[in-house]
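Notes to accompany the following structure.
Bear in mind that the values in this text are calculations on the coordinates, not laboratory data. It should be emphasised that the depicted structure is a prediction, and the values quoted were computed from it without experimental measurement. Using ideal geometry, Cβ is built from the backbone for each residue, glycine included, and neighbour counts are taken over all protein chains shown.
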Amino acid sequence: MPALVLYVTGGSVRAERAEQQLRALLGGLDEVSLDVVDVRTDPGAAEEAAILATPTVVRTDVPLRVIGDLGDGQRVLSALGLNGQPVARAEEVRSA
Amino acid sequence: MTDVADRGVLPGADFTAAPREELENLLLAVLEDNADAILLLESDGTVLFANPEARRVLGSDDLAGQSFGFPLAGDEPAELDVLVAGKPRVFEMVLNRTRFLGREVHVATLRDVTARKRTEEALRGFVSTASHEFQTPLAAITGVAEVLLEEAEEGIEAVDMIEQLQLIARQAGRLRRLADDLLTLSRLDAGRREVRRQVVRLSDVLGQALRTAGVADDFEVDVPEGLLVLADPDHVQMLIGNYLSNALKYGETPYVVTAATDEDQIVVKVRDHGDGVPASFEPRLFERFSRYRNGGAAPGGTGLGLAIVSELAQLNGGDAWYEGSEGEGAVFCFSLPVA
């Protein structure tokens, strides 16, 4: 089951916007879990995931992550391998 | 020629004819010395190259090979939060796609826009605050004027209306101060920064300000008569006036004004014995529209006074700063050149 973690810098308008956009986007998808991590209150988790800036969405079951404007839902899903394409393809591209 | 000039190329410099090595050195210097953080990313968001500013901002000397993330931006730059040395900063990310070593790569340029964002947010807040600031006295004036009108129609004598008329005058005064502050700042912004430097005796300006405000007895003054500054007399008056009203508004007695020479500047300090300014608010004290609210509504200030003080002091070759400590009273200072 695909699992996502959204890393944000708590309290910023960008954090709020990113979470709203991502939740709205995932509302239409079954079986995608989402955790939200505030890099200010949980710096350990951010360091472990090597988060350089936020908002960053990390897919934990496969090595895919996106950063920046989450407003274009189709591009977000596509970059995270959640647009119906087999995830293996993204991995193949990476290792190619 | 026009074509070359349009592209921002120096007349006479034929870039196509420059030796490849020269061009490479130039482009590398532009990249290395750039004030923006620049990242070259693989198609999956892995960092291929990071310029020194990117390494500084992202807090790592070893970014190559790390995953930045597949970068997403629309027509407008994307906004990112970055903790730079533990402090939150806002960056705008602009993306370009290009080809490098036969594959598609992203060039992500990150520009620090923290100051602009802070101003925008403060401005948004101020527009709403200013509307309230105008509304409150206007509502009071309108209300009292209507009552007065009714009373006048009923034949009540003017002598009984003094309290209400005083209230109108007070509220109108608040409106005037707000309009004055806004006008002063807009003039400073518009570059109307003429400074009529003259020799000004500090004790004279201070004495006059205290008498005008009717608070001469409330302040303990230690300003030697011989202290002369070289500054615009109107500006000196505004500097002192702002600090005095600030002390009266936010501080507690005893209020003390001192002035002394420090090398080529004269430093004026206005001290009160109230709670002082919370340490967390100190960095924003002289910013425009910033106003400390201790739970409830702030007392009648416009949030512009200290910003005006800071700009006027600097305009006259001096500075403005804060020296108090939380819980031990506030000390507001400004300096001006010795005459």
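Observations on the structure shown:
- Nearest 10 degrees, 0 to 90: helix B:20-32 Cα axis against chain B principal axis: 30 degrees
- Inter-chain shielding of A:61-68 (mean C-beta neighbours from other protein chains, 10 Å cut-off): 6
- In this rough spin-label picture, where each label sits 7 Å from Cα along the Cβ direction, the B:ALA339-B:ALA169 distance is 3.3 nm.
- HN-Hα J in Hz across the range B:254-265 - Karplus 6.51, -1.76, 1.60, θ = phi - 60°, x for Gly and Pro: x, 9, 10, 10, 10, 8, 8, 7, 9, 6, 8, 10
- For B:LYS117, a cut-off of 22 angstrom between C-alpha atoms picks up these lysines, skipping any fewer than 8 places away in its own chain: B:LYS87.
- Take the Cβ atoms of B:LYS87 and B:VAL147, set R0 to 60 Å, and the FRET efficiency comes out at 0.70.
- Mean Cα-pair separation over length for chain B, i.e. relative contact order, pairs under 8 Å, 6 or more apart, %: 11 percent
- Under the simplified labelling scheme, the B:ALA190-B:PHE15 pair shows an inter-label distance of 4.0 nm, with each label point 7 Å from Cα along Cα→Cβ.
- Taking amide H as placed 1.01 Å from N in the peptide plane, the amide H of B:TYR255 sits under 5 Å from that of B:GLU220, each at least 5 places away or on another chain.
- Mean residue ellipticity (222 nm) of chain B, computed from DSSP H runs ≥ 4 via -39,500 (n - 2.57), nearest 500: -13000 deg cm²/dmol
- Within the range B:134-217, the percentage of alpha carbon pairs spaced more than 19 angstrom apart rounds to 64%.
- q = 0.15 Å⁻¹, chain B: log10 I(q)/I(0) [Debye, one scatterer per Cα]: -1.21
- Nearest-ten-degree value, helix A:13-26 long axis tilted from longest Cα axis of chain A: 30 degrees
- Look at B:ASP180, A:ASP38, B:ASP272 and count the other Cβ atoms within 10 Å of each Cβ; fewest to most, that gives B:ASP180, A:ASP38, B:ASP272.
- Once the Cβ-Cβ distance of A:GLU47 and A:ARG23 is raised to the sixth power relative to R0 = 35 Å, the FRET efficiency obtained is 0.90.
- Nearby lysines by direct alpha-carbon distance to B:LYS249 (threshold 17 angstrom, same-chain neighbours under 8 apart not counted): B:LYS269
- The slack between B:LEU123 and B:LEU26, meaning 0.36 nm per residue of separation minus the straight C-alpha distance, is 30.9 nm.
- Helix B:305-315 and the long axis of chain B differ in direction by around 70°, with both axes built from C-alpha atoms.
- Subtracting the Cα-Cα distance of B:HIS132 and B:GLU252 from 0.36 nm times their residue separation leaves 40.5 nm of extension gain.
- The length gained on full extension between B:ASP75 and B:THR114, counted as 0.36 nm times the residue separation minus their Cα-Cα distance, comes to 12.0 nm.
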